[in-house]
Amino acid sequence: MQRAHFKEATALVTGGASGIGKALAMELAGRGAKVLVTDVDGESASEVAESIRSGTAGEGTATAATLDVTDAAAFADVAGRFATDHDGIDFLFNNAGIVVSGEVTHLTEAHWRRIIEVNLMGVIHGVQAVYPLMTARGRGHIVNTASLSGLLPSPLLVPYSTTKHAVVGLSVGLRVEASTHGVRVSVICPGLIETPLLDKENPDDLPPAESMPDIRALLTRMMGTPYPAGSLASDVLDDVALNRPIILAPRRAKAIWTAYRAWPRLLIDHTPNSSWSTSRPTGEA
């Protein structure tokens, strides 16, 4: 039933060149969807689409487009052309995102503006571009990628956590409004997932943060071995088909969130120590 839900559906995926976005695009294609793979790295997005067309990713079809989600006009143009070519958009996966890490005292306004523009405004631009198209048809499903960090305190990842909390708030609020128009909204809150973001430093054109942590080491110490992105994509699409409002995976992420809701002070009042202070000297890979 869950797999058939996506058969012949149209799906626009942002941040589709790697990580969770790539896994979602390939899983959607494997379930028979017509996928538009978008990314600021248009060449890599095209490679993902080509792998789908070659049959290595399943029976669906795919095209690609270069898209910087911080450009509202570009988002509207890409979405409009895809909708025109396919008589509408059934699914929007607002997935593109970046990480900015380090102690808040070491971060500048430029760090905050960059991550808000990508992680929050990028999602808003997607909603502005696609939601009116869906309400006009009386159907559709918007799926926004947040994070377990959008539900929990995340020291050394405060800007990232801030934007992901905002995406959760946007999603659950919009879900209530959208239901009156026949449109569904879900938000994905993954735990630790094996993606290139685990090994990313802050954007190269921003000032270095001396307290920038080794994200992979930090989160692995706190949450264990990263979950494969392909497995996450399968879990997510099963829950999207069931119209789950908040989608948590893997199972460990659900357990952590359940514990936090029951005993929030265990994390909020956690004394800073080596369990979350794993750092990487600036410039070191």
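The values are calculated or read from the model by the stated rules, or taken from the named source; none is laboratory data. What you see is a predicted model, and the numbers here were worked out from it, not measured in a lab. Cβ coordinates were reconstructed from backbone atoms using ideal geometry, including for glycine residues, and neighbour counts include every protein chain displayed.
A few points about this structure:
- Residue match in the stretch 241-257 (condition: part of a helix (DSSP H, G or I), under 22 Å from LEU170 (Cβ atoms) and at pLDDT below 90): no
- Note on the stretch 205-227: residues that are farther than 20 Å from GLU103 by Cβ and charged (D, E, K, R) total 1.
- Restricted to the stretch 204-225, and to residues there that are assigned to a loop (DSSP other than H, G, I, E, B) and either touching a Lys or Arg at 6+ places or on another chain (Cβ under 8 Å) or on the phi > 0 side of the Ramachandran plot (or both), the residue that is surrounded by the most Cβ atoms within 10 Å (Cβ to Cβ) is MET212.
- Positions within the stretch 1-29 being part of a helix (DSSP H, G or I), modelled with pLDDT of 95 or more and more than 17 Å from GLY97 (Cα to Cα), in sequence order: PHE6, MET26, GLU27, LEU28, ALA29
- Residue match in the stretch 103-114 (condition: without any contact (Cβ under 8 Å) to a residue 40 or more places away in the chain and of a type in the set (Asp, Glu)): yes
- In the condition set (1) over 14 Å from the mean Cα position of the chain (by Cα); (2) over 30 Å from ALA259 (Cα atoms), GLY122 is compliant with all but (1).
- Complete set of residues in the stretch 28-79 that are under 17 Å from ASN119 (Cα atoms), in contact with a Gly (Cβ under 8 Å, 6 or more places away or on another chain) and among the acidic types (Asp, Glu): ASP39
- Test: residue in the stretch 106-123 that is part of a loop (DSSP other than H, G, I, E, B) and surrounded by 20 or more Cβ atoms within 10 Å (Cβ to Cβ): yes
- Screening GLU177 on (1) under 29 Å from ASP269 (Cβ atoms); (2) without any contact (Cβ under 8 Å) to a residue 24 or more places away in the chain shows it passes everything except condition (1).
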